[in-house]
Amino acid sequence: MKDLLNQYKNANMIRTTKSAVFITSILLLTACAAPKVSTKLDAAKLPENFDTQRKQVAKADFIPLKTETFFKDPKLEELLKKVIAKNPDYLIMQERILIANSHLKVAKLALLPSLDLVADVSGTHFGKYTMEGVGNFDTNFSQNITEKQKINEKLSPNYFLGGKVSWEADIWGKLSNRKKAAQQRYFASQQGIRLLQTRLLGDVADLYFKLIALDKQAAIYDNNLKTQERALDIVSAQRSVGKATELAVQQFNAQNNNIHAEASELKLSIDQTEKALLTLLGEYGGKIDRSNDFLSGHLEVLNQKFSVDSIIHKRPDVSEAYFELLASNADAKSARAAFFPTVNLGTYAGFNSFSFNTLFDAGSFAWQLLGGLTAPVFNKGQIKQNFYVSNRRQEISFLQYQNTVTTAFNELSALLHRNEAYEDVLKYKMNEINHLEIAVNVSNDLYLSGYANYLEIINAQQNKLQAELDFVNIQLKNAESQVLLYKALGGGIN
């Protein structure tokens, strides 16, 4: 008898071993058939320094930007705070971050078992010539059952009240990589809102500086008109005594009307620029309170040390591209894990009865343990397609990241050159204006002395007007360059 039991046990062990070997073989074959995630994603090394010609020796370490210290204009600072609070695009981006956070929470919960509370009620009429029908008929004639255990043959009810638990074992990292992808995209969305904020602040600063430039040019026109009117009075007086011609008077009148027309066009530009800025602020109308001159602390920033790697990788556009690259890599790994078998575990427990009166009896309590292994064999190439697409998206994300880094470096390097160059341009232009101011005064004196004609006065005044307008335009370009530098250095939070 013992020999028979031992033979039976040995036979069971052999069958169990064969089953384990068979299952393991399936797993190994599936693992060998799975393609590899692309690893040829080496970014080009950044240069150690920016190509800059700045003569000043940088001593202080770079400090992350803040708008109030970079622009140093309290009125602009108020506008920047307002645009963050009211701009619709920025508020929409905040909602998208909440959506990304929701996706992350769902991805985290996917790693946990799921629990469902179930209440099932059904009723079935089994045919006379079915296994269930014959079985129920015979059961009711059994001497081993009580009246409570007899089954209604016309309509056999089935009641279940309990809970079901299911869990997919994340052996190959499919779910954890999905979670990682969602997490990296959440980080990317945070960098995306930083990028949007930087762009919004830059757009507001650009329009604000444009308004200052237009105000300064309007003041230049007003001052020039006063000079022109004085010259017209002089020519008109000389015409009355025969020392000037009607042609000279008409030339000065024409010049004055031209300046009036340009000044009126300038007022229209001021109104249009104010409306554009109000739109960014999410307001319907009003006036923009602004300073009389350009204020900036960007020169202090330029006197700091620039660590290429740290500055470039702190930019929101570079950080966003980097997190998207990490997310696409996790997607590719998750898609690869789909080639491997899926292990599902589960259980249910509750009250199950064919009679409502006995549903909550102790004898109605039922439970079951479940376990399953599913290995993909033929699914019309869907898994291969998903993996191929995920791998290609990873390659695209890498190329986009590399392009963003390259653009960021060259952009910042060019802006450092640009800011240095404008310092000299503004200095030379100011000297030009000073010389032309003297020329206008000299031309008036020479005209009264008879050593110059009216055309020389007009020409001197036109040159001075144009030089002053050009100087403001260069100031505006310099301010715009500062805004671009602010963006290129990664922007800053209020």
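Taking the stretch 379-416 as the range and being modelled with pLDDT of 80 or more, open to solvent by 80 Å² or more (accessible area, probe 1.4 Å) and either of a type in the set (Gly, Ala, Ser) or over 23 Å from residue 320 (Cβ atoms) (or both) as the test, the residues that pass are 382, 384, 385, 388. Pairing residues of the stretch 225-253 that are on the phi < 0 side of the Ramachandran plot and part of a helix (DSSP H, G or I) with residues that are β-branched (Val, Ile, Thr) and surrounded by fewer than 16 Cβ atoms within 10 Å (Cβ to Cβ), at Cβ distances under 7 Å and at least 6 apart in sequence or on separate chains, gives 239/245.
In the stretch 417-429 there is no residue matching the filter, namely being more than 30 Å from residue 307 (Cβ to Cβ), of a type in the set (Phe, Trp, Tyr) and either touching a strand residue (DSSP E or B) at 6+ places or on another chain (Cβ under 7 Å) or open to solvent by less than 80 Å² (accessible area, probe 1.4 Å) (or both).
Among the conditions (1) over 22 Å from residue 483 (Cα atoms); (2) of a type outside the set (Gly, Ala, Ser); (3) modelled with pLDDT of 85 or more; (4) assigned to a helix (DSSP H, G or I), the only one that residue 82 does not satisfy is (1).
Of all residues in the stretch 197-218, exactly one satisfies the criterion of being open to solvent by 10 Å² or more (accessible area, probe 1.4 Å) and small (Gly, Ala, Ser), namely 218.
Does residue 142 satisfy being without any contact (Cβ under 8 Å) to a residue 40 or more places away in the chain, farther than 25 Å from residue 490 by Cα, assigned to a strand (DSSP E or B) and hydroxyl-bearing (Ser, Thr, Tyr)? No.
Criterion first (within 17 Å of residue 229 (Cα to Cα) and out of contact with any helix residue (DSSP H, G or I) (no Cβ under 6 Å at 6 or more places or on another chain)) does residue 470 satisfy it?
no
Selection within the stretch 141-164: residues that are of a type in the set (Lys, Arg) and more than 60 Å from the chain's Cα centre (by Cα). The member of this set that is surrounded by the fewest Cβ atoms within 10 Å (Cβ to Cβ) is 154. Of the residues making up the stretch 227-241, just one is open to solvent by 80 Å² or more (accessible area, probe 1.4 Å) and of a type in the set (Val, Ile, Thr), namely 241.
Here is a yes/no grid of residues against (1) in contact with a strand residue (DSSP E or B) (Cβ under 7 Å, 6 or more places away or on another chain); (2) hydrophobic (A, V, I, L, M, F, W, C):
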site	(1), (2)
107	no, yes
117	yes, yes
123	yes, no
129	no, no
132	no, no
138	no, no
143	no, no
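In the stretch 342-378, of all residues being closer than 13 Å to residue 168 by Cα, open to solvent by less than 60 Å² (accessible area, probe 1.4 Å) and among the polar types (S, T, N, Q), the one that is modelled with the highest pLDDT corresponds to 347.
Of all the criteria given as (1) touching a Ser or Thr at 6+ places or on another chain (Cβ under 9 Å); (2) among the hydroxyl-bearing types (Ser, Thr, Tyr); (3) closer than 17 Å to residue 252 by Cβ, the one not satisfied by residue 443 is (1).
The values are calculated or read from the model by the stated rules, or taken from the named source; none is laboratory data. Model, not experiment: these values are computed from the prediction. Cβ: placed from backbone, ideal geometry, glycine included. Neighbour counts: every protein chain shown. In case anyone asks, the SASA skips ligands and DNA or RNA and just uses the protein heavy atoms, side chains included. Shrake-Rupley method; radii C 1.70, N 1.55, O 1.52, S 1.80 Å.
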